[in-house]
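Take a look at the structure below.
The values are calculated or read from the model by the stated rules, or taken from the named source; none is laboratory data. The shown structure was predicted, so the numbers you read here are calculated from the model rather than taken from an experiment. Methodologically, a virtual Cβ is constructed for each residue, glycine included, from the backbone with ideal geometry; neighbour enumeration extends over all protein chains shown. Heads up: the accessible areas ignore ligands, DNA and RNA and are worked out on the full protein's heavy atoms, side chains in. Shrake-Rupley method; radii C 1.70, N 1.55, O 1.52, S 1.80 Å.
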Amino acid sequence: MQTVTAFPDLRAARAQLLEPVGLVPTMGYLHEGHLSLVRRARTECASVVASIFVNPTQFGPGEDLAAYPRDLPSDQRLLESEGVDLVWTPTPEVMYPEGFQTWVTVEEVTQPLEGARRPGHFRGVTTIVAKLFNGVLPQRAYFGQKDAQQARVIQQMTRDLNFPIQIVVCPIVREADGLAMSSRNTYLDPDERRAATVLHHALTQAQAAFDSGERDANVLRAIVTRIVGEEPLAALQYVSCAHPETLEELETIAGDRALLSMAVYVGKTRKTRLIDNVVLDSDAQGL
Ligand code: AMP
């Protein structure tokens, strides 16, 4: 497994790879969620490239850019053991050299949910993913359903800008107690870690209501609000029951599917922001 940082080294290494090439973009501090993407890519592609870059432009002022956990040696060991061919670890200077002034923005689907609470976040995401695509030139790119809106935004960008890349969205990987795996879980102390299970618990209860025939989106959102409200260490930032493609809020789930998503602050003094979601699907079972 080779690791490269600069663009010329990336280009040289990329030229040696067998196609199709699969790209797994990450911010590092890898866990089983990331590795599930790598494994899927490994089964579907002749070569697998993983990128590790904590992208400063997708963090807002007051967010956790400086505190974001990093452990490159451990990440490299994990990627090597999964049979990754090439790791790209650009620096901020490689990605945003002096004089950088071009941004990619996706309009409608970036407006609600995360976009409404994290101004500028998706502009940073789409710009960096476009640069990752142009650097690696993959045939396929792998993203997690954990960041459901991000996956939707990347699909839109890929279609609108005609990137010849297939976007593959992989299921959420969870801890044994249901907490969605996230590099940010490392911020949680033991009490907060226990409290963080409320996200999955709330989604599970809403899913159960949906499975019993509930189609009123207000009722499903209210279930999530009530359950999170019962956890003293948790504060709900938003709950959404939206159309899975347009991401517009629903009154009633008239079609087959809806995206039920949420952001919750967990903690006593230092608050960790966690997100989770489930696709409510009349044809599917459970989380
Ligand atoms: P990140 O390093 O948080 O930017 O995540 C890199 C990729 O891994 C994104 O496409 C995420 O959606 C995906 N990912 C993160 N956590 C999980 C998880 N628990 N299950 C599945 N995919 C995940």
Can you give the accessible area per residue of the chain, in Å², using a 1.4 Å probe? 46 Å²
Show D276, D160 ordered by accessible area, largest first, where the area counts protein heavy atoms only and the probe is 1.4 Å. D160, D276
To one decimal place, what orientation-averaged projected area in nm² is obtained for the convex hull of the Cα set of the chain? 15.0 nm²
Rounded, prolate or oblate (a/c below 1.5 giving rounded, otherwise prolate when a/b exceeds b/c) for region 71-110 by Cα gyration tensor: oblate
In Å, what is the Rg of the alpha-carbon atoms in region 2-170, and how long is Dmax? 15.1, 42
Summed over the other residues with a beta carbon less than 15 angstrom from that of T252, with K and R at +1 and D and E at -1, the charge totals -3
Residue-averaged 222 nm ellipticity for the chain, from DSSP H runs of 4+ at -39500 (n - 2.57), nearest 500: -10500 deg cm²/dmol
Treat each spin label as a single point 7 Å out from the Cα along the C-beta direction, and report the D160 to A116 distance in nm. 1.9 nm
Take each of the peptides 20-32, 102-114, average the number of other beta-carbon atoms within 10 Å over its residues, and list them starting from the highest. 20-32, 102-114
Computing the accessible area with a 1.4 Å probe over protein heavy atoms, can you report the carbon and sulfur percentage for the chain? 50 percent
Mind checking the dipole of the chain: about its Cα centre, +1 per Lys or Arg Cβ, -1 per Asp or Glu Cβ, Debye to the nearest 20? 480 debye
Convex hull of Cα atoms in region 183-281, direction-averaged projection (nm²): 6.1 nm²
Treating each Cα of region 99-155 as an identical point scatterer and ignoring solvent, apply the Debye formula and state log10 I(q)/I(0) at q = 0.17, 0.22, 0.25 Å⁻¹. -0.57, -0.90, -1.08
